[in-house]
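Notes to accompany the following structure.
No value in this document is a laboratory result; all are computed from the given coordinates. Predicted model, so just to flag it, every value in this text is computed and none were measured. All Cβ positions, even for glycine, are placed from backbone atoms using ideal geometry, and neighbour counts span all protein chains on display.
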Amino acid sequence: MSLHTLDFIVIGIYALIVAGLGLAVSRRQKNTEEYFTGGRSLPGWVVSFTLMGTIIGTGTFVGHPGTSFQKGLIFVVPHLVLPFVLLIVAKFIVPFYRRVVRMSAYEYIGQRFGLGGRLYTSFGFLADRLFDIGVTLFTTAIAINVLTGWELRTVIVGVALFTAAYTMLGGIKAVVWTDVVQGTVLILGGSFVLLRLLFAPEAGAPFAVVGEAWRGGRMTLGSWDFSWASLFDTTTTTTWLFTLTAAIQWCRRYVTDQHLVQRYLLARTDAEASRAAVSGALICVPVFFTFMFIGACFYGFFSLAKIQPPELGDSIMPYFMINYLPAGVLGLVSAAILAAAMSTVSSDLTSVATVVTTDYFSLFLPKSSERSRLLFGRIMVAIGGLLAAGSAILLIPEKGAAPVMERAITIAAILSGGTLGLFCLGFLTRRATRRGCYIGMVCCLVFTAWAVATEPKHHLVDLGFNFEMNPILIGVFGHLVLFVTGYVSSRLFGGWQPENVDRLTFRSHISETSESVQA
């Protein structure tokens, strides 16, 4: 089977709506603040949608079903950590950023530790985001390849260029309003796939696929082995390790990553921004679970229907779509995949352009005009799209490779470069100094390089003293190494601190709360 004419019409209508929204707001961008933060004028419910669109991508739509189909619901518990992280973020982090920074999260690190810290964190973010956009483009390309037969590289470049085009024209407002459309399409598309599975006549009675998935071990939450030996097991990553890594990743993303911090700056008030952070997470959790559950049900469907599934687990969603969804519905679900991709890619490209413009161009060319900064920001959106397409092409797997989402979580943890540890060093401790920060960064880089080179799965070199633990822990330890060595070095060697250091730590929130209570 292949896409019907009706399916292409549905996809075409979706593309026209997205392009039209981008063009509609493109003429309203007068300066970089309007282009990158929307003038801090957007309603909270819209910010909730764009937060969901930033997190939910084709990694969720395609990658999570592929992982659950092969290994069960191993990501459910890690994703349940998200609402708890967001309660803390909404209470302390959102109002803090809205008070301290103008457009970039790394302005804060610059105020707290100076230029070196700002460049370190911003560069780490750029590397992480370009990789993450690559994951999104790759999982999208898998789906479109199965649906149409188009070559993976062609799809990757095509989606990247189309998304970069409307993002480049309309800026953050185009991203936000298209996220509302794309989020709606995404939820509808996932719902249709789930209903088709639960009432699949090929599998027998309604809901039979659920029972078969249970019997096949696809409803389990992974290994709950909690032992010292499990930390060194490189074949099975336990639920505890996934949960620990996910908790660190959620904290890092919502506390330090520009593509989410930028969303906090969009809302009209601090209260709306905080509510949007929590509600955005609460929307994400059922969406995450739905697509993981769909993947488990795929196992039940193919087992009961006695049908040979595709060899690559990450192809399971598009394979089912093309063979078992009716015309029209197939077009809607295909549009949902594109929606998931474009909402994430456009959000990330905007944040990449914001960081390059604010933390590099404007910093090193302070006398540049607003017009030149705005033009540079638009160009960076296009360049970011091309670089992300290159990383997606590098992700194309060989036969028998691990599911893309399982590979991605390890790589993303390593690319983070200890940025959460650095933020905590500045935000939680008054005594941290610039010298301690720099020593911590060097220690983190040395540790990460050693661990990546000697970890047991790929083992590039043997130094006699190697990192023998599960590689997923490299990123976790990186944050801890930076924080501990940075704090100890600050206490031992001293160094520069900003005069308004209390304003740049959690103490500022406590003092503001006390003042408001007294008032």
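Rounded to the nearest 20 debye, what is the charge dipole size of the chain about its Cα centre when +1 sits on each Lys and Arg Cβ and -1 on each Asp and Glu Cβ?
1360
Return the distance in nm (one decimal) between the two label points of a simple spin-label model at Glu468 and Lys91, each offset 7 Å from Cα along Cα→Cβ.
If labels sit at Glu468 and Lys91, their model points lie 4.1 nm apart.
By average Cβ neighbour count within 10 Å, what is the ranking of 387-396, 252-261 from highest down?
Top of the packing list down: 252-261, 387-396.
Note the full-extension length gain between Arg503 and Asp270 as 0.36 nm times their separation in residues minus their Cα-Cα distance, in nm to one decimal.
82.2 nm
Over the Cα atoms of the range 108-149, each weighted equally, I'd like the Debye log10 I(q)/I(0) at q = 0.18, 0.20, 0.26, 0.27 Å⁻¹, rounded to two decimals.
So the normalised log intensities are -0.59, -0.64, -0.80, -0.82.
Using only Cα atoms, find the angle between the long axis of helix 270-304 and the longest principal axis of the chain, and express it within 0 to 90 degrees, rounded to the nearest 10.
30
Take the alpha carbon atoms of the range 270-400, find their radius of gyration, then divide it by 2.2 N^0.38 Å using N residues; give the quotient.
Scaled against compact globular proteins, the figure is 1.48.
For the range 167-215, what class follows from the C-alpha gyration tensor (a ≥ b ≥ c being the square roots of its eigenvalues): rounded when a/c is under 1.5, otherwise prolate if a/b is larger than b/c, else oblate?
prolate
Hey, what angle do you get for helix 44-55 against the long axis of the chain, alpha-carbon based, 0 to 90 degrees rounded to 10?
The helix 44-55 is inclined about 70 degrees to the chain.
With each pseudo-label sitting 7 Å past Cα toward Cβ, what's the Ala205-Asn323 distance in nm, one decimal?
Going by the 7 Å Cα→Cβ label model, 2.5 nm.
Ordered by packing density, taken as the mean number of other Cβ atoms within 10 Å over each peptide's residues, highest first, how do 205-216, 358-369 rank?
With the highest mean Cβ count within 10 Å placed first, the list reads 205-216, 358-369.
What are the aspartates and glutamates whose alpha-carbon lies under 12 Å from the alpha-carbon of Lys173, with same-chain residues fewer than 8 places away excluded?
Of all the aspartates and glutamates, those that pass the test against Lys173 - Cα under 12 Å, at least 8 places apart if same chain - are Glu33, Glu34.
Place the peptides 67-74, 9-16, 282-289 in order of packing, highest mean first, counting for every residue the other Cβ atoms within 10 Å and averaging per peptide.
Ranking the peptides 67-74, 9-16, 282-289 by packing returns 67-74, 282-289, 9-16.
From the mean inverse distance of alpha carbon pairs (Kirkwood) and the Cα radius of gyration, derive Rg over Rh for the range 187-272.
With Rh from the inverse mean 1/r over Cα pairs, Rg/Rh is 1.16.
Tell me, in nm to one decimal, what length is gained between Ile379 and Leu365 on full extension, where the rule is 0.36 nm per residue of separation less the Cα-Cα distance?
3.4 nm
Going by amide H atoms built from the backbone, whose H comes under 5 Å of the H on Val81, apart from near neighbours?
Under 5 Å from the amide H of Val81 lies no amide H from a residue far enough along the sequence or on another chain.
About its Cα centre, what dipole magnitude does the range 301-379 give when the only charges are +1 on Lys and Arg Cβ and -1 on Asp and Glu Cβ, stated in debye to the nearest 20?
The calculated dipole for the range 301-379 is roughly 280 debye.
Mind checking the full-extension length gain between Ala15 and Trp450? Use 0.36 nm per residue of separation minus the Cα-Cα distance, one decimal, nm.
So the chain would gain 152.0 nm between Ala15 and Trp450.
Above 43 angstrom, tally the Cα pairs of the chain and express them as a % of all pairs, no decimals.
For the chain, the fraction of Cα-Cα distances above 43 Å is 15 percent.
Ignoring everything except DSSP H segments at least 4 long, calculate the 222 nm mean residue ellipticity for the chain; use -39,500 (n - 2.57) per segment, divide by total residues, nearest 500.
-23000 deg cm²/dmol, from helical runs alone.
Can you find, among Phe75, Leu130, Leu86, the residue farthest towards the positive end of the dipole of the range 32-132? Put +1 on the C-beta of Lys and Arg, -1 on that of Asp and Glu.
Leu86
Can you work out ³J(HN,Hα) from phi for every residue in the range 95-110, in order, using Karplus 6.51 cos²θ - 1.76 cosθ + 1.60 and θ = phi - 60°, giving whole Hz and x for Gly and Pro?
Result, ordered by residue: x, 4, 5, 5, 8, 9, 10, 9, 9, 10, 4, 7, 4, 5, 4, x Hz.
Which three lengths, in whole Å and largest first, does the range 55-178 cover when its Cα atoms are put on their principal axes?
51, 38, 30 Å, listed from the longest principal axis down.
Which residue, chosen from Phe423, Pro471, Cys443, occupies the Cα position most advanced towards the positive end of the dipole of the range 417-513, where the dipole is computed from +1 (Lys, Arg) and -1 (Asp, Glu) charges on Cβ about the Cα centre?
Ranked along the dipole, the leading option is Phe423.
Stick to Cα atoms and the Kirkwood definition of Rh, then tell me Rg/Rh for the range 417-513.
My calculation puts Rg/Rh at 1.11.
The range 175-227 to the range 419-487: how many Å between their Cα centroids?
Their Cα centres are 37 Å away from one another.
Could you tell me how many degrees, from 0 to 90 and to the nearest 10, lie between the Cα long axis of helix 152-198 and the main elongation axis, the longest principal axis, of the Cα atoms of the chain?
Compared with the principal axis, the helix lies near 50 degrees.
Between Leu6 and Arg102, what FRET efficiency follows from the Cβ-Cβ distance if R0 is 51 Å, with the result rounded to 0.05?
0.60
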